[in-house]
1. Find the strands (runs of 3 or more DSSP E) located wholly in segment 173-223 whose residues include 3 or more that are over 15 Å from Glu135 (Cα atoms), and list them.
2. How many of the residues making up segment 136-161 are in contact with a helix residue (DSSP H, G or I) (Cβ under 8 Å, 6 or more places away or on another chain) and either open to solvent by less than 10 Å² (accessible area, probe 1.4 Å) or within 10 Å of the ligand (Cβ to nearest atom) (or both)?
3. Do we have Phe40 as within 16 Å of the ligand (Cβ to nearest atom), touching a residue at least 60 places away in the same chain (Cβ under 8 Å), in contact with a helix residue (DSSP H, G or I) (Cβ under 6 Å, 6 or more places away or on another chain) and open to solvent by less than 40 Å² (accessible area, probe 1.4 Å) here?
4. So which residues in segment 162-178 are within 19 Å of Trp239 (Cα to Cα) and near the ligand (Cβ under 7 Å from one of its atoms), if there are any at all?
5. Mind checking which residues of segment 53-78 are in contact (Cβ under 8 Å) with a residue 60 or more places away in the chain and closer than 24 Å to Leu11 by Cα?
6. Between residues in segment 207-218 that are closer than 17 Å to Gly344 by Cβ and residues that are open to solvent by 30 Å² or more (accessible area, probe 1.4 Å) and basic (Lys, Arg), which pairs lie under 9 Å by C-beta distance while being six or more apart or on different chains?
7. Considering only residues that are under 23 Å from the mean Cα position of the chain (by Cα), of a type outside the set (A, V, I, L, M, F, W, C) and over 12 Å from Trp239 (Cβ atoms), which ones fall in segment 179-213?
8. Please give the helices (runs of 4 or more DSSP H) falling wholly within segment 314-389 in which 1 or more residues are closer than 22 Å to Asp276 by Cα and away from the ligand (no atom under 16 Å from the Cβ).
Amino acid sequence: MIDKDMDFNALEDSAFRKLLEDWLAANYPQEWRQDMRRPFRRLRGDDVVRWIGMQLDAGLRCPAWPKEYGGMGLDFLKQSVHQEVFETYGVARVVDLAEVQIGPTLMVHATAEQKARFIPPMLKGEHLWCQGYSEPGAGSDLASLKTAAIVDGDMLRVTGQKIWTSHAQEATHMFALVRTSKGERKQQGISFILLEMDAPGVTIRPIANLAGEEEFCEVFLDDVKVPLANVIGGLDNGWTVAKALLGHERVWIGSPGLATRALTLTRTLLAARPHDDVLFDAYAACAADLHDLRWLYRKTCSAIAGGTEPGVEVSMLKVIQSELLQRITELNVELGGDDALVDGDSPVGDTVTDYGWQYFMARPGTIFAGANEIQRNVLAKAVLGLGSK
Ligand SMILES: Cc1cc2nc3c(=O)[nH]c(=O)nc-3n(C[C@H](O)[C@H](O)[C@H](O)COP(=O)(O)OP(=O)(O)OC[C@H]3O[C@@H](n4cnc5c(N)ncnc54)[C@H](O)[C@@H]3O)c2cc1C
């Protein structure tokens, strides 16, 4: 049993690491672990709620949240230890965006009444959240969004369409950007709202990705009534809230965890299958680049732990991580040879893998959370000082 009142930050890193490892070994279901077959496994459906409940009961829910909101109150360095232990153990990821996105945003931008209404059910996993930003025609150019919300008494009436909304079919709530007026700049007149997915007028249509997973959805909003009390940060002021939401997630997304897992499969394949020197050299290059990514990631985490606010250069982590993961999964397919053409599981040594699944699941990483081309534009302008004056 973990003492829920414990000050985790006061522990030595090694003691904290052991506490988490022991707890995972005793409690985490084996069938949820990421493995050779599903190296980037995500939990779905009831398992998500069960997992949130397990962490809550153990005092291990929401590492970055302050204790006053029921979180673990970890400082940044301890958060990075927590993340590393969970990734190394193969804890499946969860797409509920309460913990990393909307919860921390509400803590800063919501009224006391909104915090009291929305944060406790997030913590307990009673509400699961998805992100309704992107629309057909408004992805990288998000401020072009067209979903319209008209004030009607104490309600907003919302009509439009969102797309690529991850796991919307399992969420109970969505935080969304809607247009409430037209300003001089397209970033003006946008509002940040919270809506219920079972409200009349909400239609959710899942989209299967190339790996066969129904990972994201189209969400149609047809005259959906949303209380004005669910607008965060004030009407027409949503752009500021939307930008603030990404916060430290920009760092975590650059974690070398997924690439490390994928390269473990590469090593297993190299040991189990015939291969030529070209493929071995490709492995060596990936291993060297992973080493560099780990170094950059640690350096970034240490700087933030030391009090440096993450700047735009953090975009480097996301670009390097997502492209390296794609290279490794491509190499795994090369190493798999004819087996990689099989749809579904193929044997590797004394285990199995699904080449297509891991290859296809790595593809979107260069698109979501700010497409890599956009990140490169940002780096070119803000870090290298290139581009228009
Ligand atoms: C797996 C996955 C999950 C997602 N989940 C969510 C979610 O939960 N909620 C949500 O709101 N959205 C989600 N998205 C959407 C994601 O945010 C968008 O796909 C992303 O912002 C890119 O927008 P787009 O798809 O409209 O492509 P576009 O913006 O149309 O871009 C198409 C291509 O053009 C390039 N491009 C565009 N503008 C420029 C430019 N100025 N300079 C150089 N190149 C440019 C892009 O980099 C890209 O390669 C998800 C996407 C994926 C793939």
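The values are calculated or read from the model by the stated rules, or taken from the named source; none is laboratory data. This structure is a prediction, so every number in the text was calculated from the model and none was measured. Note: ideal-geometry Cβ built from the backbone for every residue, glycine included; neighbour counts use all protein chains shown. Side chains are part of the model used for accessible areas, which takes the heavy atoms of the whole protein and leaves out ligands, DNA and RNA. Shrake-Rupley method; radii C 1.70, N 1.55, O 1.52, S 1.80 Å.
1. Values: elements: 173-179, 190-196, 202-208.
Ranges flagged: 190-196.
2. Start the filter on segment 136-161 by keeping residues that are in contact with a helix residue (DSSP H, G or I) (Cβ under 8 Å, 6 or more places away or on another chain), which leaves 137-138, 140, 142-143, 151, 154-156.
Restricting the remaining residues to those that are either open to solvent by less than 10 Å² (accessible area, probe 1.4 Å) or within 10 Å of the ligand (Cβ to nearest atom) (or both) gives 137-138, 140, 142-143, 156.
The total comes to 6.
3. On the way: within 16 Å of the ligand (Cβ to nearest atom): yes; touching a residue at least 60 places away in the same chain (Cβ under 8 Å): yes; in contact with a helix residue (DSSP H, G or I) (Cβ under 6 Å, 6 or more places away or on another chain): yes; open to solvent by less than 40 Å² (accessible area, probe 1.4 Å): yes.
Yes; evaluated as a whole, the condition is true for this residue.
4. Taking segment 162-178 first, the residues within 19 Å of Trp239 (Cα to Cα) are 162-163, 165, 174-178.
Across segment 162-178, the qualifying residues are Lys162, Thr165.
5. The initial filter retains those residues of segment 53-78 that are in contact (Cβ under 8 Å) with a residue 60 or more places away in the chain, namely 53, 56, 61-62, 64, 72-78.
Of everything in segment 53-78, those that are in contact (Cβ under 8 Å) with a residue 60 or more places away in the chain and closer than 24 Å to Leu11 by Cα turn out to be Leu56, Arg61, Cys62, Ala64, Met72, Gly73, Leu74, Asp75, Phe76, Leu77, Lys78.
6. Asn209/Arg363; Leu210/Arg363; Ala211/Arg363; Glu213/Arg42; Glu213/Arg44
7. Here is the first cut: in segment 179-213, the residues under 23 Å from the mean Cα position of the chain (by Cα) are 191-197, 204-213.
Subset that is of a type outside the set (A, V, I, L, M, F, W, C): 191, 196, 205-206, 209, 212-213.
Answer for segment 179-213, where residues must be under 23 Å from the mean Cα position of the chain (by Cα), of a type outside the set (A, V, I, L, M, F, W, C) and over 12 Å from Trp239 (Cβ atoms): Glu196, Arg205, Pro206, Asn209, Gly212, Glu213.
8. Values: elements: 315-336, 355-362, 372-378.
Answer list for segment 314-389: 315-336, 355-362.
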